[in-house]
Amino acid sequence: DFAGIVTSWNAAAEALYGYSAEEMTGRDAAVLAPPGREDEPRELAERVRYGKQVTGFETQRRRKDGSLVDVALTMSPVLDPANDIVAVSVIGHDISERRRAERELRQSEEKFAAAFHASPDLMTITRLSDGTILEVNEAYSRLLGYTRAESIGKTNSKLSLWADPASRATFIASLKESGQIDEFETRLQHEDGTLLTCIASARTIELQGKPCVLWVVHDITELKEAQQRLQESLDQLS
């Protein structure tokens, strides 16, 4: 009722909150509110009393054992024969699993973002359909010279990142066929025109329902140059 006193309590409420109907009937619903939110049940009931809707209101409630449960509340007016609002019907839906999944997803995304931006190797996320760059890390700018602002929204082709378009076509074809490709040696072009020898790996991923590509590129220019010098020395010795 509008004093916050429970007048009816079903079996699902018993299962969700741990209180039996006998324990809760006649008791203040504030017992279900977490510390600091004791007035919330009454305030929500007042909203309904004055014609406001309460639908899918996400909050927490305290079970009998003291643990907290995430719930979505929908509240509706209870009318007497004269159509006056005399009480409020409260439907509580357990959303603990959804909230847990959301928290885990958020934590996973935060870990990925931290690894993505801290990686010493170039990493980008592009749209599979047209190669539009959606995100780059700091190593991308260090390696290729383009800033994040200069790159986001542009395509690999627009920036001429691949020194050999045919090599890129082969890479993309293999990626679309298998969903991943590893240690593909190619050459990328720095903003100033310098050519870099790189090892590229990629995976197709889905972002917001659209297929994208996560790229990881390792610069082996110095290694290849060292190998070339070594080979030239061996040839001279031979």
* Structure fact -> With the 8 Å Cα cutoff and a minimum separation of six or more residues, the chain has a relative contact order in percent of 11 percent
* Can you give me the Cα centroid spacing of the range 124-153 and the range 200-238 in angstrom? -> 17 Å
* Roughly what angle does helix 96-118 make with the longest principal axis of the chain, taking Cα atoms, 0 to 90 degrees, to the nearest 10? -> 20 degrees
* Asked: What spacing in nm lies between the two simple spin-label points modelled at S20 and R142, each 7 Å away from Cα in the Cβ direction?
  -> 6.7 nm
* Take the alpha-carbon centre of the range 163-178, take the same for the range 1-65, and report the distance between them in whole Å. => 59 Å
* Return the distance in nm (one decimal) between the two label points of a simple spin-label model at I5 and S238, each offset 7 Å from Cα along Cα→Cβ. => 10.0 nm
* Mean Cα-pair separation over length for the range 150-214, i.e. relative contact order, pairs under 8 Å, 6 or more apart, % -> 24 percent
* Of the heavy-atom accessible surface of the chain (probe 1.4 angstrom), what whole percent is carbon and sulfur? -> 50 percent
* Asked: Nearest 20 debye, what's the magnitude of the dipole of the range 1-122 about its Cα centre given +1 on Lys and Arg Cβ and -1 on Asp and Glu Cβ?
  -> 140 debye
* Structure fact -> So H190 and I220, fully extended at 0.36 nm per residue minus their Cα-Cα distance, gain in nm 9.4 nm
* Structure fact -> Treating only Lys and Arg (+1) and Asp and Glu (-1) as charged, each at its beta carbon, one finds that the range 35-187 has a dipole about its Cα centre, in Debye to the nearest 20, of 200 debye
* In what sequence, highest mean first, do 53-62, 110-119, 85-94 appear when ranked by Cβ atoms within 10 angstrom? -> 85-94, 53-62, 110-119
* To do: Quote the FRET efficiency, to the nearest 0.05, computed for A12 versus I205 with a Förster distance R0 of 35 Å and r equal to the Cβ-Cβ distance.
  => 0.35
* Structure fact -> Expected unfolding gain across R63-R127 under the 0.36 nm per residue rule, minus the alpha-carbon gap, is 18.4 nm
* Structure fact -> Applied in sequence order to the range 226-233, the curve 6.51 cos²θ - 1.76 cosθ + 1.60 (Karplus, θ = phi - 60°) yields integer Hz couplings, x standing for Gly and Pro, of 5, 5, 5, 5, 5, 4, 5, 5
* Stretch gain in nm, segment A114-Q53, where the contour uses 0.36 nm per residue and the Cα spacing is subtracted -> 17.9 nm
* Structure fact -> Too long for a 28 Å Cα-Cα cut-off, among K154/K176; K64/K111; K154/K224; K111/K210; K111/K224, are K64/K111; K154/K224; K111/K224
* For the range 1-89, what class follows from the C-alpha gyration tensor (a ≥ b ≥ c being the square roots of its eigenvalues): rounded when a/c is under 1.5, otherwise prolate if a/b is larger than b/c, else oblate? -> prolate
* Could you work out the Kirkwood radius for the chain, taking every pair of different alpha carbons, averaging 1/r and inverting it, reported in Å? => 23.1 Å
* Local charge sum around G193 (other residues, Cβ-Cβ under 15 Å, Lys/Arg +1, Asp/Glu -1)? -> -2
* Structure fact -> Length-normalised contact order of the range 184-227, Cα under 8 Å, at least 6 apart, in percent, tallies to 32 percent
* What is the dipole size for the range 166-238, taken about its Cα centre, with +1 at each Lys and Arg Cβ and -1 at each Asp and Glu Cβ, in debye to the nearest 20? -> 340 debye
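The values are calculated or read from the model by the stated rules, or taken from the named source; none is laboratory data. Just so it is clear, the model here is predicted, and its values are computed rather than measured. Counting neighbours? That spans all protein chains shown, and the Cβs are built from the backbone with ideal geometry, glycine included. Just the protein is used for accessible areas: all its heavy atoms, side chains included, with ligands, DNA and RNA removed. Shrake-Rupley method; radii C 1.70, N 1.55, O 1.52, S 1.80 Å.
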